[in-house]
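Just below is one structure, and these are the notes that go with it.
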């Protein structure tokens, strides 16, 4: 058995370079290198045999081999990994944007798993689960102390299988029990809406299959509702987008670019480069002023799109420095159930800027801030102006009666401003105290109340004014 394991592992290691499609074939290995490799494999075989025969409890050989493969991949970089059956299936489902599940959006606060919302027309929605329900049991087992990711993994599984959930609901006594049947849940990667009736806001949560198609449909739908069938600006929100499929990054970029390079990948051999170009056919919006929002959790495919639009001068990048994941991974299936995710290259923007551990620097740096705090800052007028000075001149000559009436009005206005300022300060204190309450985690995202989105709109408004002024100056 040990010899068979050694032979199988030897075959896998010798065949591994075949899966790295970006790698150019090198010279045939020398005999001394082969001997060295087999000597190392023999060392592995001896340790394996020692564990199998002398470890104080019986242990699965399959488990040992899997652990060795995982350890081997961990010596490379954080993104290379051995994928056992469960992880291999999960990765395929994640990139496809569909999986066997219940249709729940959940979050964790103070160690408790809350249901944020059940997705429409899913098992969770039809069963009657509600926002704010507390999840306490999965398959009749308490989940106290379980992490959010662990609870999500337990709820996912094979399509058609039944699963039991126990929840606590405010205002009702005891645990309520639900039995649901897993279905294919299709995750919608795009959320979009018109802001102020003329600004197209598009939020992409992940680059999965049909992401570009979903953005195209969202833009067409919003354009039909916009006044005159035109946008005053487009905001593409890639904040906290972890990336995904490279092809979708190219397709999304191609929606807003006419031609040219989107991204270049540089493999082990610097001369071996793969250049991805803008797709010239299909739907395009090349003229509408555009802002792309990024932050420290925007990674990989998000950085490719942001870098391409930035290098081509198509959009202004706003937000904070991106994550900096500029490496390319390929997933190779090594047998019927498992695979390997292997880093094979790194990305570069159209102007050959490298992203890895560097990130995309925004054109306009804007930190995330609660919209309410920003609005209060705008309304709190801290300046004394000319009209506040006693006995100030007016723009026109007044009669004594007019001056007396104006002074009475101004005194009332000053008193009103003081009252409003105190009210705003009290409101700010109350808002701060309420910030940590449970209701905050269930609040639906509203782009019109998002500080960075507001700043993007202000930029687009300024761009329109500048554009109109330029046309006047040119006599158009």
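Structural remarks
- Single residue of region 204-222 satisfying the filter (modelled with pLDDT of 95 or more, touching a strand residue (DSSP E or B) at 6+ places or on another chain (Cβ under 8 Å) and surrounded by 15 or more Cβ atoms within 10 Å (Cβ to Cβ)) that is nearest to residue 292 (Cα to Cα): 204
- Residue that is surrounded by the most Cβ atoms within 10 Å (Cβ to Cβ) [pool: residues in region 226-246 that are at pLDDT below 95, in contact with a strand residue (DSSP E or B) (Cβ under 9 Å, 6 or more places away or on another chain) and outside any loop (DSSP other than H, G, I, E, B)]: 244
- Count - residues of region 142-151 that are surrounded by 12 or more Cβ atoms within 10 Å (Cβ to Cβ) and within 19 Å of residue 179 (Cβ to Cβ): 2
- For the criterion of being within 25 Å of the chain's Cα centre (by Cα) and farther than 21 Å from residue 305 by Cα, residue 157 passes.
- Count - residues of region 167-196 that are within 26 Å of residue 232 (Cα to Cα) and modelled with pLDDT of 90 or more: 7
- Residue 437 vs. criteria at pLDDT below 70, exposed (fewer than 11 other Cβ atoms within 10 Å of the Cβ) and closer than 26 Å to residue 107 by Cβ: yes
- Scan region 46-74 for residues that are surrounded by 13 or more Cβ atoms within 10 Å (Cβ to Cβ) and more than 21 Å from residue 334 (Cα to Cα) and the total you get is 3.
- Residue 9 vs. criteria at pLDDT below 65, out of contact with any helix residue (DSSP H, G or I) (no Cβ under 7 Å at 6 or more places or on another chain) and more than 30 Å from residue 135 (Cα to Cα): no
- Filter result (touching a residue at least 24 places away in the same chain (Cβ under 8 Å) and more than 15 Å from residue 349 (Cβ to Cβ)) within region 257-279: 258, 267, 268, 269, 272, 279
- Residue that is modelled with the lowest pLDDT, among those in region 139-154 that are in contact with a strand residue (DSSP E or B) (Cβ under 6 Å, 6 or more places away or on another chain) and on the phi < 0 side of the Ramachandran plot: 148
- Index of the failed condition, residue 164 passing every other in (1) at pLDDT below 90; (2) touching a strand residue (DSSP E or B) at 6+ places or on another chain (Cβ under 6 Å): (1)
- The set of residues in region 283-300 that are touching a helix residue (DSSP H, G or I) at 6+ places or on another chain (Cβ under 8 Å) and modelled with pLDDT of 95 or more comprises 283, 284, 285, 289, 290, 291, 292, 293, 294.
- Just one of the listed residues (196, 176) is surrounded by fewer than 18 Cβ atoms within 10 Å (Cβ to Cβ) and touching a strand residue (DSSP E or B) at 6+ places or on another chain (Cβ under 8 Å), namely 176.
- Scan of region 342-370 for residues that are exposed (fewer than 14 other Cβ atoms within 10 Å of the Cβ), over 23 Å from residue 328 (Cβ atoms) and either touching a residue at least 60 places away in the same chain (Cβ under 8 Å) or in contact with a strand residue (DSSP E or B) (Cβ under 7 Å, 6 or more places away or on another chain) (or both), ordered by number: 364, 368
- Identity of the residue in region 179-193, part of a loop (DSSP other than H, G, I, E, B) and in contact with a strand residue (DSSP E or B) (Cβ under 9 Å, 6 or more places away or on another chain), that ends up surrounded by the most Cβ atoms within 10 Å (Cβ to Cβ): 189
- Residues of region 225-261 that turn out to be over 24 Å from the mean Cα position of the chain (by Cα) and more than 26 Å from residue 457 (Cβ to Cβ), as a count: 2
The values are calculated or read from the model by the stated rules, or taken from the named source; none is laboratory data. These numbers come from a predicted model, not from an experiment. All Cβ positions, even for glycine, are placed from backbone atoms using ideal geometry, and neighbour counts span all protein chains on display.
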